[in-house]
Structures are given as structure tokens and as C-alpha cells.
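Remarks on the structure that follows.
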Amino acid sequence: MRYLGVSRAELYSPNRVSGDAAVFRAVASELERHGHEVICISEQDSTVIPDDIDGIFHMARSSEALEVIGRADVPVTNTVQAVMNCGRARQTEILKDSGLIPESLICRTGGVPLGWNTFPCWIKRADSHAVERDDVQFIQDAGECNNAMLGFWERGMKECVLQAHVKGWLVKFYGVRGFGLADCYAATEKEGKFGLERYNDQPDQACVDMDALTAVAERVSALLGVDVYGGDAVVGDDGKITIIDFNDWPSFRTCTVGAAQKIADLIMSKR
């Protein structure tokens, strides 16, 4: 089999450039170990799909690269639609009635909408994942919310997502659909991209029901159609698991080798 791998542009890897590159290379190496040919290109160079490709695996997020990949008549991991489903607004729309995410609202950035009185909360850019620090902000009250919305508006973002803050401790997880979780761990401010973990509880003894977390993660991956995924979940005092972020193909920074094996197995299973 002949596979094309498309790596992620640094723009979409804030503070995770080396981690994203490492798992991408590990998957390519794993496929080669199984005797397959792998051609690797960067997201910026994905203007043409080479001939005689049997499958594509990619970490691309730019609309230009996704458009090219979407025209390929071969199995793709993750599918272009799955990547698009992970955008903040689209993800919120799909999951809003699932009971798996906090109270959320997609709205214009012209000011706090009537009826939204849920504070503290989070404001998130609607069109994509966070690529800059201010793309996701913790908001204490309506005044802060208005200021944050103004900042989004001035940056050309006309929509945002408001999401209720959920009390509990934060766990990060990585998984491959159908293969379960590759790893999960309690998140700390030191390990985060932008230090936002400081707004969640830091338990003395963090624990989570792994079967329950796996079931929730796999359900979200199915709803979004995302095969290779990662995310953040808040675990409440009662053990309830709430998904606050879900991403296509994260860095798998704590489990690169094991994750690469699962991802390669998934890619090879598609015909």
C-alpha cells in the first residue's frame, strides 16, 4: 500500500510543534515498519495529491489543504468533515443536546446576548481551535465578556462560543476511535498551552473512572466522526464527566509510540 501523510503547519500547533511532528513521524514509521510506502508532505505543500495513493493520513487544518484532501477518492484519516466538525461552533452545534458538554451558546461578538447570565464562563473563538492566547478566555462577569467580545470583533471574528464554567478537576485524554484511550492525565497549568488550567480545581488525589471516560470520549468521537482525537474533560466531585474541548489529531505527547501503533492499525484497516 502507498500512503500520503500531510503534516500540520506550525500555525496550528501553538506550543506543540515538536509534539505534533513527533506523532506524525511515528505513524509514518509504523506504517513503513509494516511494509507500506509512505510519502510525507507539509500542509503548506498539499496542493496536489500524488497518483496511485491508497490512503491519506493527515493533521491539516487549513481550508486550502482540507479542500485538496477532500477531493481525494481514497480513505482519509481524519476525514475532512471530521476536522471541520471540531471547529468550536460546529462542535457545539453537534453536541449541544448530547448532555456531554456544558451549557453553551453560539452568538455574535457584538455584546453579551440577552438571556445569557451564566458567569463565570468561557469565551472561545467560533471558527477554529485556539491558535493564540486570547482565542479562549475565562470570563468572570458581563463586563469582562463585553470586553472580550470587543477584542474578538476587532480581530475580525464576528462569532464566538460562550460556555459555562464547570467546577471540577481537569483531565486531558488521547484516543483512537475503536481502540479506546491511549492515555489520560490530570492537567496542570505548567503543562498547558496557555496556562488556562489554573481556573480548574487541582485535586490532591485525582482519579477518574477510565471505563466511563473512555465511553464518553468514544461517544463524542462517533458524534463528530473523528477517528484520531484528544480533548479535555472536567470531572466533578460526583464523578460526572463533562467534555469542554475535543480536537482532531492532537500531539499524543505522553503516549506517542503507543498511539502511533493504534493510529497505524486504524489507517491500515481502511480499504
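Listed values, structure above:
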item	result
Unmet requirement for Gly70, which otherwise passes all of (1) in contact with a helix residue (DSSP H, G or I) (Cβ under 6 Å, 6 or more places away or on another chain); (2) of a type in the set (Gly, Ala, Ser); (3) in contact (Cβ under 8 Å) with a residue 40 or more places away in the chain	(3)
Checking Trp153 against (1) exposed (fewer than 14 other Cβ atoms within 10 Å of the Cβ); (2) farther than 20 Å from Glu103 by Cβ, the condition it does not meet	(1)
Residues of region 50-76 satisfying the condition of being acidic (Asp, Glu) and either surrounded by 15 or more Cβ atoms within 10 Å (Cβ to Cβ) or touching a strand residue (DSSP E or B) at 6+ places or on another chain (Cβ under 8 Å) (or both)	Asp52, Asp54
Residues of region 1-24 classified as touching a strand residue (DSSP E or B) at 6+ places or on another chain (Cβ under 8 Å) and surrounded by fewer than 17 Cβ atoms within 10 Å (Cβ to Cβ), total	3
Residues of region 9-23 that turn out to be in contact (Cβ under 8 Å) with a residue 40 or more places away in the chain and in a helix (DSSP H, G or I), as a count	6
Residue check for Val83: more than 22 Å from Thr242 (Cβ to Cβ) and assigned to a helix (DSSP H, G or I)	yes
Single residue of region 98-139 satisfying the filter (charged (D, E, K, R) and closer than 24 Å to Ala222 by Cβ) that is farthest from the chain's Cα centre (by Cα)	Glu103
Residue list for region 1-32, restricted to those being hydroxyl-bearing (Ser, Thr, Tyr) and either modelled with pLDDT of 95 or more or farther than 16 Å from Phe252 by Cα (or both)	Tyr3, Ser7, Ser29
Test: residue in region 90-104 that is closer than 26 Å to Tyr3 by Cβ, of a type in the set (Val, Ile, Thr) and not in a loop (DSSP other than H, G, I, E, B)	no
Filtered residues of region 213-249 (kept if in a loop (DSSP other than H, G, I, E, B) and at pLDDT 95 or above)	Gly225, Val226, Asp227, Trp249
Selected residue (only one of Val131, Val112 is surrounded by 17 or more Cβ atoms within 10 Å (Cβ to Cβ) and in contact (Cβ under 8 Å) with a residue 24 or more places away in the chain)	Val112
Output for region 117-130, where each listed residue is assigned to a loop (DSSP other than H, G, I, E, B) and either polar (S, T, N, Q) or closer than 17 Å to Lys158 by Cβ (or both)	Asn117, Thr118, Ala126, Asp127, Ser128
Hits in region 246-271 - residues which are acidic (Asp, Glu) and crowded, with 23+ Cβ neighbours inside 10 Å	Asp248
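The values are calculated or read from the model by the stated rules, or taken from the named source; none is laboratory data. Because the structure is a prediction, the values reported are computed rather than measured. Here Cβ is always computed from backbone atoms with ideal geometry, including for glycine, and neighbour counts include all displayed protein chains.
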